[in-house]
Amino acid sequence: MAKKPTAAAAAKAAAATEETFALRSLQEAHAANKRYAASDEELLHFYEQMLLIRRFEEKAGQLYGLGLIGGFCHLYIGQEAVAVGLQSALEAGKDSVITGYRDHGHMLAYGIDPKVIMAELTGRAAGISRGKGGSMHMFSTDHKFYGGHGIVGAQVPLGAGLAFAHKYRGDGGVCMAYFGDGAANQGQVYEAFNMASLWKLPIVFVVENNGYAMGTAVKRGSAETEFYRRGTAFRIPGMDVNGMDVLEVRAAANIALDYVRAGNGPVLMELNTYRYRGHSMSDPAKYRSREEVQEMRDKHDPIEGAKAELLARGVAEDRIKEIDKRIRSIVAESADFAENSPEPEMTELYTDVLVESY
Amino acid sequence: MSIELKMPALSPTMEEGTLAKWLVKEGDTVKSGDILAEIETDKATMEFEAVDEGVIGKLLVAEGTEGVKVGTVIAVIGDEGEAAPAPAPASVAAAASAPVAAAPAERPAPAPRKADPAVPAGTNMKMSTVREALRDAMAEEMRRDSRVFVMGEEVAEYQGAYKVTQGLLEEFGPTRVIDTPITEYGFAGIGTGAAMGGLRPVVEFMTFNFAMQAIDHIINSAAKTNYMSGGQMRCPVVFRGPNGAASRVGAQHSQNYGPWYASVPGLVVIAPYDAADAKGLLKAAIRCEDPVVFLENELVYGRSFELPELDDHVLPIGKARIMREGKDVTIVSYSIGVGFALEAAELLAAEGIEAEVLDLRTLRPLDKEAVLTSLAKTNRLVVAEEGWPQCSIASEVMAICMEEGFDHLDAPVLRVCDEDVPLPYAANLEKAAIIDAARIAAAVRKVCYR
């Protein structure tokens, strides 16, 4: 004879259902309303920002080839819709952003002047870090962009700290902390998840899953390849988002930010995207086929997608061409600036080590 | 047969404690597991359990007695039905001595000591433990600046693993005194990020041994970001906690990280010895715009020193202090080593050698000038450091003397450091591994050719 379920077991089952619902609710809300209803002007703006990142990165790649940029240089080509879609939902001057070493795109998406970014890449005094940071270490406290961090995963607890500061001050700000599918395997990420959830910190954790942690395909390095599920153990709701469509990204960002701003604690977003170039400039990318890259470029490119949509909406092609032209000149100007600015003075070697003198 | 109950050692560093409360009375029958008394140690109030069965014969130490030495007989248990036995003569002596030992609860520091020139002459002094001085420094800075908060393991409800944060939760509440999970890498990163976001975090590590898990954030995130950002990104965080060998806790819990952090540009590293420096420098560290590693010492927490009674006792970072003046030789040290150096100076004074004891106090930036000035005066120098010899603060001070003080040297500089081995557990081996006054005195005799 089957036993009747006890009251306790029933309550537990109900609670479990409720919990599952809470953890999945944002994903469900996203599935129900996938794309942001952008006006033509908004979409044109997104297109322009993505194109700026694309052209800027192409130019950076060229300058690297010419020996004007040294060291590591990680390009964002292919991933543009992620930074543009997410950051368009943030409030400038209020919300903070932090990321890893593939940081040029996030800075451009936050409206930071391409000239000072490019000049940092070439190691010049006019660079945003006075030439002392380089590609991986750029910051703009004016824009609440907090880097630019070279140690894989370190930006995740740092981002939780920025969120802690938002909450402590009660300034209503949210931190958006980006990291890659590779960084998602670092232990400190989960230490940060735990505390962020425990203390209900206002933070959106963003996994930019571009398929490869340097040369290691996601399935070779991750037991759970659905990164948005990885917050479940910490009661952080997850969202699985197409990172190749700027309007899907933006729609998801709105849902996540509403949840976080309401004081519910963190959200974990997985943005499925793809980088067309190697991990860094020195990466021959032998771990994947040309066909795979070509397929993404041909069928899923976020910029081509936005362009096609603009045309389908009846936006005049001239307006798009005008944007293309403007972006080319902005990027050319930033490259000229970066090439022709002087290197830092030798005295800069000793400045900014400590703030105070002792 | 009667059983003597002795004052238990309830922590690795406990030498004496307070018998806060008896929970049994004479004539009570007790069995194994019953709580007999509450004993206050240097870290917490602990319950003292019965291990044996029997009838409480005599309570030999009164409730509220402070400074009861570990090993003192505090009560006697007799067999059931057995009359309360007369305590053995030894126990009587021990019990009788307890109230006497109780007078100064904390070990006094060696004298004589030179007044700190940073403290105005004529300032009233009161006695304070280093532990209280550190707590007061944090409390005063928290009252002064709402951006200051404290986070770490057991800092709030538990009142601090070593009681350094005692009372802070009560005064400042849980938004400013924050218990973290055991997750050093994570909370060091959160503290660093909060500093980047404009707050003034004081991040406590239960000990600096555990900060090894977090060293990436201390060095890569906190120390370098101001430079890498061309001066845009401030990171005014304080990482603090006990450093160096404690007592009988073995190699993984006994290590001096002073030389590690002091080698990193972008960090300020402070390692005070006495209560006045602990307070004045911790307040300075909290106000400082740079990231600070503040190295305390568990064995010194309970020691009492004179502390200036000033409304706002803040000391300059980066300045060494002459703890004792002398003309024959300089002993340079920091943290717990200063105590050994002062002891050694006493021994040497009896032999007619006047040693100057210089406490570095800040390890980065290092007060070279103070070292060289003292060397120019005494022409002989010994470095005493509770830590390993290779790549140490001692090696650094020796290099400074060679590079910039060579003409003043009348003898090679010697260093007295811990033995170059992981710290052993066995009491005799541990004692053999760690510096002491006798070894410092021996090195001084050598450089004085005595």
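The values are calculated or read from the model by the stated rules, or taken from the named source; none is laboratory data. Source: prediction; values computed, not measured. So basically every Cβ, Gly included, is an ideal-geometry build from the backbone, and we count neighbours across all protein chains shown. Side chains are part of the model used for accessible areas, which takes the heavy atoms of the whole protein and leaves out ligands, DNA and RNA. Shrake-Rupley method; radii C 1.70, N 1.55, O 1.52, S 1.80 Å.
The conditions of being part of a loop (DSSP other than H, G, I, E, B), within 22 Å of the chain's Cα centre (by Cα) and not polar (S, T, N, Q) are met by B:Ala161. You will find that of B:Gly231, B:Gly266, B:Gly318, the residue that is under 23 Å from B:Leu358 (Cβ atoms), among the small types (Gly, Ala, Ser), part of a loop (DSSP other than H, G, I, E, B) and facing chain A (nearest Cβ under 10 Å) is B:Gly318 and no other. Within the stretch A:124-141, identify whether any single residue is within 16 Å of B:Gly197 (Cα to Cα) and either over 21 Å from the mean Cα position of the chain (by Cα) or in contact (Cβ under 8 Å) with a residue 12 or more places away in the chain (or both), and answer yes or no. Yes: one or more hits.
The single condition among (1) in contact with a Pro (Cβ under 9 Å, 6 or more places away or on another chain); (2) assigned to a helix (DSSP H, G or I) that A:Val353 does not satisfy is (2).
Inside the stretch B:66-77, residues that are on the phi < 0 side of the Ramachandran plot and open to solvent by 20 Å² or more (accessible area, probe 1.4 Å) make up a count of 3. For the stretch B:392-426, filtering for residues that are touching a Phe, Trp or Tyr at 6+ places or on another chain (Cβ under 9 Å) and touching a residue at least 60 places away in the same chain (Cβ under 8 Å) leaves 2. Can you pull out the residues in the stretch B:41-57 that are in contact with a strand residue (DSSP E or B) (Cβ under 7 Å, 6 or more places away or on another chain) and either crowded, with 19+ Cβ neighbours inside 10 Å or assigned by TED's automatic domain parsing to the domain that holds B:Val164 (or both)? Passing the criteria: B:Thr41, B:Phe48, B:Ala50, B:Gly54, B:Val55, B:Ile56, B:Gly57. Taken over the stretch B:337-348, the residue count meeting the criterion of being under 23 Å from the mean Cα position of the chain (by Cα), touching a residue at least 24 places away in the same chain (Cβ under 8 Å) and open to solvent by less than 10 Å² (accessible area, probe 1.4 Å) is 6. Among the candidates A:Glu80, A:Glu120, the residue that is over 21 Å from A:Pro157 (Cα atoms), of a type in the set (D, E, K, R), buried (at least 24 other Cβ atoms within 10 Å of the Cβ) and under 12 Å from the mean Cα position of the chain (by Cα) is uniquely A:Glu80. Residues that are assigned to a helix (DSSP H, G or I), open to solvent by less than 10 Å² (accessible area, probe 1.4 Å) and of a type outside the set (Val, Ile, Thr) do occur in the stretch A:212-232. Might you let me know whether the stretch B:172-193 holds any residue that is more than 14 Å from chain A (Cβ to nearest Cβ) and either buried (at least 22 other Cβ atoms within 10 Å of the Cβ) or at pLDDT 95 or above (or both)? No: the stretch B:172-193 contains no residue that is more than 14 Å from chain A (Cβ to nearest Cβ) and either buried (at least 22 other Cβ atoms within 10 Å of the Cβ) or at pLDDT 95 or above (or both). For beta carbons closer than 7 Å, sequence separation of 6+ or different chains, a first residue in the stretch A:167-178 that is farther than 20 Å from A:Ala253 by Cα and a second that is part of a helix (DSSP H, G or I) and open to solvent by less than 60 Å² (accessible area, probe 1.4 Å), there are no qualifying pairs.
With the structure loaded, tell me whether A:Gly159 is within 16 Å of A:Tyr101 (Cβ to Cβ), within 9 Å of chain B (Cβ to nearest Cβ) and either acidic (Asp, Glu) or under 15 Å from the mean Cα position of the chain (by Cα) (or both) or whether it fails that test. For A:Gly159, the condition - within 16 Å of A:Tyr101 (Cβ to Cβ), within 9 Å of chain B (Cβ to nearest Cβ) and either acidic (Asp, Glu) or under 15 Å from the mean Cα position of the chain (by Cα) (or both) - is met. Taking (1) more than 18 Å from B:Glu132 (Cβ to Cβ); (2) within 21 Å of the chain's Cα centre (by Cα) in turn, B:Val300 satisfies each apart from (1). Considering each residue of the stretch B:349-364 in turn, none proves to be in contact with a Lys or Arg (Cβ under 8 Å, 6 or more places away or on another chain), open to solvent by 40 Å² or more (accessible area, probe 1.4 Å), within 14 Å of chain A (Cβ to nearest Cβ) and modelled with pLDDT of 95 or more. Among helices (runs of 4 or more DSSP H) entirely within the stretch A:42-155, having at least 2 residues that are within 14 Å of chain B (Cβ to nearest Cβ), within 22 Å of B:Asn226 (Cα to Cα) and modelled with pLDDT of 95 or more singles out A:114-121.
Determine whether the stretch B:125-135 contains at least one residue that is at pLDDT 95 or above, surrounded by 15 or more Cβ atoms within 10 Å (Cβ to Cβ) and acidic (Asp, Glu). Among the residues of the stretch B:125-135, at least one is at pLDDT 95 or above, surrounded by 15 or more Cβ atoms within 10 Å (Cβ to Cβ) and acidic (Asp, Glu), which makes the answer yes. Applying the set (1) under 30 Å from A:Val218 (Cα atoms); (2) open to solvent by less than 60 Å² (accessible area, probe 1.4 Å); (3) out of contact with any helix residue (DSSP H, G or I) (no Cβ under 9 Å at 6 or more places or on another chain) to A:Glu348 leaves exactly one unmet item: (1). Annotation: A:Asn210 fulfils all but one of (1) in contact with a Lys or Arg (Cβ under 9 Å, 6 or more places away or on another chain); (2) of a type outside the set (D, E, K, R); (3) farther than 17 Å from A:Leu75 by Cα; the unmet one is (3).
Counting the residues of the stretch A:299-350 that are within 14 Å of chain B (Cβ to nearest Cβ) and without any contact (Cβ under 8 Å) to a residue 24 or more places away in the chain gives 3. Close Cβ contacts (under 6 Å, 6 or more residues apart or on different chains) running from residues in the stretch B:170-198 that are assigned to a loop (DSSP other than H, G, I, E, B) and hydrophobic (A, V, I, L, M, F, W, C) to residues that are at pLDDT 95 or above and surrounded by fewer than 24 Cβ atoms within 10 Å (Cβ to Cβ) comprise B:Ile182/B:Glu153. Inside the stretch B:21-42, residues that are in a strand (DSSP E or B) and within 29 Å of B:Ser247 (Cα to Cα) make up a count of 8. Inclusion of B:Gln213 among residues that are surrounded by fewer than 24 Cβ atoms within 10 Å (Cβ to Cβ), at the interface with chain A (Cβ under 10 Å from one of its Cβ atoms), among the polar types (S, T, N, Q) and within 19 Å of B:Arg147 (Cβ to Cβ) is not warranted.
On inspection, B:Tyr334 passes the criterion of being buried (at least 22 other Cβ atoms within 10 Å of the Cβ) and out of contact with any helix residue (DSSP H, G or I) (no Cβ under 6 Å at 6 or more places or on another chain). In the stretch B:396-450, of all residues being of a type in the set (A, V, I, L, M, F, W, C) and open to solvent by 70 Å² or more (accessible area, probe 1.4 Å), the one that is farthest from B:Ser263 (Cα to Cα) corresponds to B:Leu429.
Rundown of residues vs (1) touching a residue at least 12 places away in the same chain (Cβ under 8 Å); (2) closer than 18 Å to A:Ile151 by Cβ, yes/no style:
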{"position": "A:Gln188", "(1), (2)": "yes, yes"}
{"position": "A:Ala192", "(1), (2)": "yes, yes"}
{"position": "A:Ser197", "(1), (2)": "yes, no"}
{"position": "A:Val206", "(1), (2)": "yes, yes"}
{"position": "A:Met214", "(1), (2)": "yes, yes"}
{"position": "A:Arg229", "(1), (2)": "no, no"}
{"position": "A:Asn242", "(1), (2)": "yes, no"}
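Each residue in the stretch B:233-258 was checked for being farther than 16 Å from B:Gly191 by Cβ and open to solvent by 20 Å² or more (accessible area, probe 1.4 Å), and 7 of them qualify.
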